[in-house]
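Accompanying notes for the structure given below.
The values are calculated or read from the model by the stated rules, or taken from the named source; none is laboratory data. A quick note: this is a predicted structure, and the numbers were derived from the prediction, not measured. Cβ placement follows ideal geometry from the backbone for every residue including glycine, while neighbour counts extend to all protein chains displayed.
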Amino acid sequence: MQSRKRTHTTISEKPHGNNHKKSAQARRIIAAEAARIMATQAQSNFRIAKMKAAERLGADMRMALPSNAEVERALRAYQGFYGGQRHIRHLNAMRGTALRVMRRLECFSPRLVGPVLEGTADEHSRLTLHVFNDPPDAVVIHLLDKGIAFYHEQRKIRWHDGSYHQVPLLVFDADNIDVELMLFDGIDLRQAPLSPVDGRPQKRASLSDVECLLDQA
């Protein structure tokens, strides 16, 4: 009868396993601290929050930091635990404002994106809408006709093909909330840019989608 061979874990394998566990634990701790920084210090930049968290915790800066998606999950947990009903009420208020603005801009096929859609918005968050217009200045003319004061910004975003583009923004106030309109060509409605959180096509919500979100609240 052929004897069975036993598989042994070598000494060199054990430290590797321990190091992996320690690394995963460190990532979770840094993600939790980065989430706290984002929730309490009006910080919306994931990279800056992670660097601040690692520095505060004395982590080795050569180690792999948590991903943006890991930090976002930690942020959801933080807001759910510490924000409670107050966070939910504020989020629904922002979504209500989004709905009213989207109705005024319905001719530009507005889409809600970002923290207000994802559920991680706080009192420091902007309300972000993608709007689609041909010609490009149609939204500008619309706001001017409505007497809405706004100012211009630009933001670099990652396109669906991996390239980076500068996108014009129009920023104005609605219900004491900063609303930013990201201006896209009409054809860009077909394919969303990549999310800065997980690198996948960014989630977009239409007017009817936002209505459903509020109906479910």
Checklist entry - Just to be sure, is Asp215 among the charged types (D, E, K, R) and either at pLDDT 95 or above or under 14 Å from the mean Cα position of the chain (by Cα) (or both)? => result no
Checklist outcome for this item: Selection from the stretch 172-209 of residues under 23 Å from Glu123 (Cβ atoms) and exposed (fewer than 14 other Cβ atoms within 10 Å of the Cβ) yields Asp173, Asp175, Asn176, Asp178
Checklist outcome for this item: Subset of the stretch 186-209, residues out of contact with any Phe, Trp or Tyr (no Cβ under 8 Å at 6 or more places or on another chain) and either under 11 Å from His130 (Cα atoms) or touching a residue at least 60 places away in the same chain (Cβ under 8 Å) (or both), comes to Ala192, Asp198, Gln202, Lys203, Arg204, Ala205, Ser206, Leu207, Asp209
Checklist entry - So which residues in the stretch 155-170 are out of contact with any Lys or Arg (no Cβ under 8 Å at 6 or more places or on another chain) and surrounded by 12 or more Cβ atoms within 10 Å (Cβ to Cβ)? => result Arg155, Ile157, Arg158, Trp159, His160, Pro168, Leu170
Next on the checklist: exposed (fewer than 14 other Cβ atoms within 10 Å of the Cβ), under 19 Å from the mean Cα position of the chain (by Cα) and not assigned by TED's automatic domain parsing to the domain that holds Ala34: which single residue out of Ala77, Ala98 fits that description?
Outcome noted: Ala77
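Enumerate the helices (runs of 4 or more DSSP H) found wholly within the stretch 111-217, keeping only those where 1 or more residues are among the polar types (S, T, N, Q) and out of contact with any strand residue (DSSP E or B) (no Cβ under 7 Å at 6 or more places or on another chain). So that I can check it myself, show each step before the final result.
Working: elements: 115-118, 138-145, 207-216.
Where helices (runs of 4 or more DSSP H) fall fully within the stretch 111-217 and carry at least 1 residues being among the polar types (S, T, N, Q) and out of contact with any strand residue (DSSP E or B) (no Cβ under 7 Å at 6 or more places or on another chain), they are 207-216.
May I ask you to verify whether Glu118 is of a type in the set (Asp, Glu), at pLDDT 90 or above and within 30 Å of Ile177 (Cα to Cα)?
Here the answer is yes, as Glu118 does meet what is asked.
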